[in-house]
Amino acid sequence: MPRLALYALIVCVLAIAAAVVSFANGSFLGIVWVLLAGLTSNMCWYYFRKARMDAAAAATADAGRPQG
């Protein structure tokens with residue numbers, strides 16, 4: 001898993017935990033944490049797909065090179 005995707009996943013999990021704690025305490029500040037969790041989950045998905053597509057492109061480029 002790419003480093004940026006992993007960092008985004010960690011922040012997403014922490015934002016979800018903060019949202020749960022905020023809502024449990026009766027604070028509507030949890031809405032901000034939910035929005036942050038949504039943003040970071042999209043970032044995680046983007047970086048994961050980008051790394052996977054880059055690896056596939058590199059494999060395709062290597063397969064087209066002549067041996068020797």
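Observations, loosely collected:
- Residue by residue, segment 40-55 carries 3J(HN,Hα) couplings of 5, 5, 5, 5, 4, 4, 4, 5, 5, 5, 4, 5, 5, 6, 5, 5 Hz when phi is fed to the Karplus relation 6.51 cos²θ - 1.76 cosθ + 1.60 (θ = phi - 60°); x denotes Gly or Pro.
- Adding -39500 (n - 2.57) for every DSSP H run of four residues or longer, then dividing by how many residues the chain holds, sets the calculated 222 nm ellipticity at -29500 deg cm²/dmol.
- The relative contact order of the chain comes to 38 percent, based on Cα pairs under 8 Å that sit 6 or more residues apart.
- Based on the reciprocal of the average 1/r between different C-alpha atoms, the Kirkwood radius for the chain equals 13.8 Å.
- Of the chymotrypsin sites (Phe, Trp or Tyr not before Pro) found in segment 19-68, the ones in coil according to DSSP and having at most 11 other Cβ atoms within 10 Å of their Cβ are Phe28.
- The angle between the Cα long axis of helix 3-24 and the main principal axis of the chain comes to about 20°, on a 0 to 90 degree scale.
FYI, it's all coordinate maths here, none of it is from the lab. What you are looking at is a predicted structure, and each value in this text was computed from that prediction instead of being measured. Glycine gets a Cβ as well: all are built from the backbone with ideal geometry, and neighbour counts include every protein chain shown.
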